[in-house]
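Take a look at the structure set out below.
The values are calculated or read from the model by the stated rules, or taken from the named source; none is laboratory data. Everything numeric in this text was worked out from a predicted model, so none of it was measured. When we count neighbours, we look across all protein chains shown, and the Cβ atoms used for this are built from the backbone with ideal geometry, even at glycine. Please note that ligands, DNA and RNA were not included when accessible areas were found on the heavy atoms of the full protein model with its side chains. Shrake-Rupley method; radii C 1.70, N 1.55, O 1.52, S 1.80 Å.
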2 protein chains.
Amino acid sequence: MKPRTTIRDVARKAGVSVGTVSRVVNGHPSVTEAKKRAVLQVIAELGFRPDAAAQSLRRGTNRTLGVVIPDLRNPFFAELMQHIELRAKERGYSVLFASSDEQADSEAELIANLARRKVEGVVLVPSNRAERIANPDGVRLVVVDRRIAGHPFVAADHRAGARMAAEYLVSLGHRRIACLSGPENSFVARERLAGFMDVMAPRLAEAGLDPASCIISAPFDYEGGREAAKALLADDGPRPTAVFACSDQQAIGVLRTAFDRRITVPDRLSVVGFDDILISDLVAPRLTTAAQPLAAIANCATDLLIGGEPLDAAASHIFPCAMVLRETCAPPL
Amino acid sequence: MKPRTTIRDVARKAGVSVGTVSRVVNGHPSVTEAKKRAVLQVIAELGFRPDAAAQSLRRGTNRTLGVVIPDLRNPFFAELMQHIELRAKERGYSVLFASSDEQADSEAELIANLARRKVEGVVLVPSNRAERIANPDGVRLVVVDRRIAGHPFVAADHRAGARMAAEYLVSLGHRRIACLSGPENSFVARERLAGFMDVMAPRLAEAGLDPASCIISAPFDYEGGREAAKALLADDGPRPTAVFACSDQQAIGVLRTAFDRRITVPDRLSVVGFDDILISDLVAPRLTTAAQPLAAIANCATDLLIGGEPLDAAASHIFPCAMVLRETCAPPL
DNA sequence: ATGAAAGCGCTAACAT
DNA sequence: ATGTTAGCGCTTTCAT
């Protein structure tokens, strides 16, 4: 790594002062056209790039955003990350990424490290266990997907989305509908379950059924769905004719178990997922799901941080979901 | 954002000089136990964290790695990214992420930006079109997944992996085997195709068949596989009894098309993928594939960068693939 | 073992 | 419009 070209080198070669070079670089208006051209010329010749550390030290900020996400192996998070980085790049920002691995207690540490690095803000997708966030450095923070008291959050309307999914299943004629919920300590899981219950509770009560009997909790991933489905689709007792899974990954896991058990979807079992990750359109049969507007969420969170507006809870944004009807649902036999 | 606590604040409160505080922070040995304790105490009280920009300016480096990847929506890349970040974090490094969106010409720009930010090195997964890399800043660079002249690269042995896959299909008794290759300008695609041909060329020659007749190129993603399979599985002429797809995503796309065409897998069509992404174990039927040792690749690339060893082409590492036998292959009828 | 002080490269305030 | 300069927070040499 050769010694970097500095602003002094440029100044010397262009026969101007460092101040002028700085002004040119930062587009300050009061520089004559002639000098500006000369400086730009030298900058190009020398391949000068301002040292980000020096700028950061001087300005106290450095056009960088932090993103803390539980796990990129979850395609929903990976897609979110991709959208965030894209938007940030469009606006001239770079992205520092850190995964929390679903360890709630590591999140504070990660955020503190980002603060140390002078990020202008951080997008946090909290792990399930996170109830609140230690943010001693007062970093600008936007919470995505899950609500955390006292912070602005940007998310889909999980509850309304789940309601739509349940209503859709009911409209198809299903009555025995199971809900494959997420981890019990998860805000998202609770919201989606609540949406499901908004629709189902009255019906269950009418039929004199215990709501608990049609709910099962499992991790949001493929494996969680696959395992939970084994219980749901057991041969004892009346099997549900439809299941609403709280994530597409879970739903795909359900599809997997149904396939293993030779339960054809959608003929003998309808399945609805939640998220609309890319793979959902490729599995066989294609997954019907409540789609989150991922790009809108990512862009909103990013813009909030970059915009510099005050980030109180009033800055929160909730986006509606939309049902994407594909091939995993049909009226019960 | 309150004004940061600086090293001076700590020094004043602890009644020592800034030099001593710095020595304590950096674990320099020549500090008496008593002062060390006092300083540590004050650091804890004040919640002091050294300013990364100042350290970076002074040291010329800042415990940060850059990662440039085409697209996180590709689960293979997302998993790779997750592994890299994990390893980097273990070693006390942070990760700046940038996606190139498969634009070869944007890679140089992204790397230059990372250089400006004083990363200690960058892991680059080049886009298909990249033939060589402009690296005017002399950044430490490790190329992952594909070979680029003049740079150390870390990757699976694509060719040998493809050979294994083809051999496996042959050993099952298949003769009409199609290769669903990647984009023609892709190094990885060419390597895997070459591995396939190592096995198939002699057989094809013997049968007097044109090798081109059993090869089709498509993007590495789900959609590419799905579309290519439509041609491969057309009803005119003898259909292949097996398909070797150059990525799991493609393979899953093939499964999708086969399902649509009512061609049962593996009975009437065997499918082998390449990569072993997480979803491959969940699709129905489960995908048989040539698995890349993802964690090993990610760790190796990360360690190479952090280790500070010279990064010539001799630093390259090739890891063997392993066949993962699941449910998409059977002898031909 | 410790303190004092010189910068790292840049921006912005001040002077001209 | 442009040059000069202080100083952002830190590490590290040089004295002591």
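Per-residue answers, yes or no, for (1) within 12 Å of DNA strand D (Cβ to nearest atom); (2) within 23 Å of B:I111 (Cα to Cα); (3) more than 24 Å from the chain's Cα centre (by Cα); (4) at pLDDT 95 or above:
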residue: B:G27; (1), (2), (3), (4): yes, no, yes, no
residue: B:D51; (1), (2), (3), (4): yes, no, yes, yes
residue: B:R63; (1), (2), (3), (4): yes, yes, no, yes
residue: B:I69; (1), (2), (3), (4): no, yes, no, yes
residue: B:R91; (1), (2), (3), (4): no, yes, no, yes
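Enumerate the pairs (first residue in the stretch B:1-20 and more than 21 Å from A:A112 (Cβ to Cβ) and open to solvent by 60 Å² or more (accessible area, probe 1.4 Å); second residue anywhere and near DNA strand D (Cβ under 8 Å from one of its atoms) and assigned to a helix (DSSP H, G or I)) with beta-carbon separation below 6 Å, excluding pairs fewer than 6 apart on the same chain, so at least 6 apart or on different chains.
Filtered contacts from the stretch B:1-20: B:V18/B:I7; B:V18/B:R8.
So, in the stretch B:71-88, exactly how many residues are more than 10 Å from chain A (Cβ to nearest Cβ) and open to solvent by less than 30 Å² (accessible area, probe 1.4 Å)?
Residues in the stretch B:71-88 being more than 10 Å from chain A (Cβ to nearest Cβ) and open to solvent by less than 30 Å² (accessible area, probe 1.4 Å): 1 in total.
Can you pull out the residues in the stretch B:1-52 that are under 27 Å from A:R58 (Cα atoms), assigned to a helix (DSSP H, G or I) and small (G, A, S)?
B:A11, B:A14, B:G19, B:S22, B:A44, B:A52
For residues that are part of a loop (DSSP other than H, G, I, E, B) and among the aliphatic types (A, V, I, L, M), scanning just the stretch B:129-183, find the one that is modelled with the lowest pLDDT.
By that ranking, first place goes to B:A130.
Does B:S56 satisfy the criteria of being within 14 Å of chain A (Cβ to nearest Cβ), touching a Lys or Arg at 6+ places or on another chain (Cβ under 8 Å) and more than 11 Å from DNA strand C (Cβ to nearest atom)?
no
If only one of A:S94, A:S100, A:S56 is of a type in the set (G, A, S) and either within 18 Å of B:L86 (Cα to Cα) or open to solvent by 40 Å² or more (accessible area, probe 1.4 Å) (or both), which one is it?
Exactly one residue qualifies, and that residue is A:S100.
Determine whether the stretch B:114-129 contains at least one residue that is within 23 Å of the chain's Cα centre (by Cα) and among the hydroxyl-bearing types (S, T, Y).
Yes, there is a match, as at least one residue in the stretch B:114-129 is within 23 Å of the chain's Cα centre (by Cα) and among the hydroxyl-bearing types (S, T, Y).
Condition first: touching a Phe, Trp or Tyr at 6+ places or on another chain (Cβ under 6 Å) and either over 30 Å from A:T241 (Cβ atoms) or not in a loop (DSSP other than H, G, I, E, B) (or both). Can you find one or more residues in the stretch A:95-112 that meet it?
yes
Collect the residues in the stretch A:231-243 that are open to solvent by 20 Å² or more (accessible area, probe 1.4 Å) and outside any loop (DSSP other than H, G, I, E, B), keeping them in residue-number order.
Residues satisfying the conditions are A:A231, A:L232.
Tell me which of these B:N128 doesn't satisfy, since it passes every other one: (1) more than 30 Å from B:S280 (Cβ to Cβ); (2) surrounded by fewer than 22 Cβ atoms within 10 Å (Cβ to Cβ); (3) touching a residue at least 12 places away in the same chain (Cβ under 8 Å).
Going through the list (1) more than 30 Å from B:S280 (Cβ to Cβ); (2) surrounded by fewer than 22 Cβ atoms within 10 Å (Cβ to Cβ); (3) touching a residue at least 12 places away in the same chain (Cβ under 8 Å), B:N128 breaks only (1).
Mind counting the residues in the stretch B:274-294 that are more than 13 Å from chain A (Cβ to nearest Cβ) and open to solvent by less than 20 Å² (accessible area, probe 1.4 Å)?
Qualifying residue count for the region: 7.
Taking the condition of being in contact with a strand residue (DSSP E or B) (Cβ under 6 Å, 6 or more places away or on another chain), at pLDDT below 95 and part of a helix (DSSP H, G or I), how many residues in the stretch A:184-230 meet it?
Going through the stretch A:184-230 one residue at a time, the tally reaches 1.
Check the stretch B:29-44 and report whether any residue there is away from DNA strand C (no atom under 12 Å from the Cβ), on the phi < 0 side of the Ramachandran plot and free of Cβ contacts under 8 Å to residues at least 12 places away in the same chain.
The answer is yes; a qualifying residue exists.
Is there a residue in the stretch B:30-50 that is of a type in the set (D, E) and out of contact with any Ser or Thr (no Cβ under 8 Å at 6 or more places or on another chain)?
Taking every residue of the stretch B:30-50 in turn, at least one turns out to be of a type in the set (D, E) and out of contact with any Ser or Thr (no Cβ under 8 Å at 6 or more places or on another chain).
Given the conditions (1) within 12 Å of chain A (Cβ to nearest Cβ); (2) open to solvent by 10 Å² or more (accessible area, probe 1.4 Å), which single one is not true for B:A298?
Going through (1) within 12 Å of chain A (Cβ to nearest Cβ); (2) open to solvent by 10 Å² or more (accessible area, probe 1.4 Å) one by one, B:A298 breaks only (2).
State all residues of the stretch B:244-267 that are part of a helix (DSSP H, G or I) and over 19 Å from the mean Cα position of the chain (by Cα); if no residue qualifies, say none. Show your work before the answer.
Start the filter on the stretch B:244-267 by keeping residues that are part of a helix (DSSP H, G or I), which leaves B:248-260.
Selection gives B:I252, B:G253, B:V254, B:L255, B:R256, B:T257, B:A258, B:F259, B:D260.
When both residues are 6+ apart or on different chains and their Cβ atoms are under 7 Å apart, which pairs have a first residue that lies in the stretch B:312-333 and is closer than 18 Å to B:T302 by Cβ, and a second that is in a strand (DSSP E or B) and at pLDDT 95 or above?
Filtered contacts from the stretch B:312-333: B:S316/B:V154; B:H317/B:V154; B:I318/B:A155; B:F319/B:A156.
Inspect the stretch A:284-307 for any residue being at pLDDT below 95, out of contact with any Ser or Thr (no Cβ under 6 Å at 6 or more places or on another chain), closer than 21 Å to B:V283 by Cβ and not basic (K, R) and give the result as yes or no.
Looking for residues that are at pLDDT below 95, out of contact with any Ser or Thr (no Cβ under 6 Å at 6 or more places or on another chain), closer than 21 Å to B:V283 by Cβ and not basic (K, R), one finds at least one in the stretch A:284-307, hence yes.
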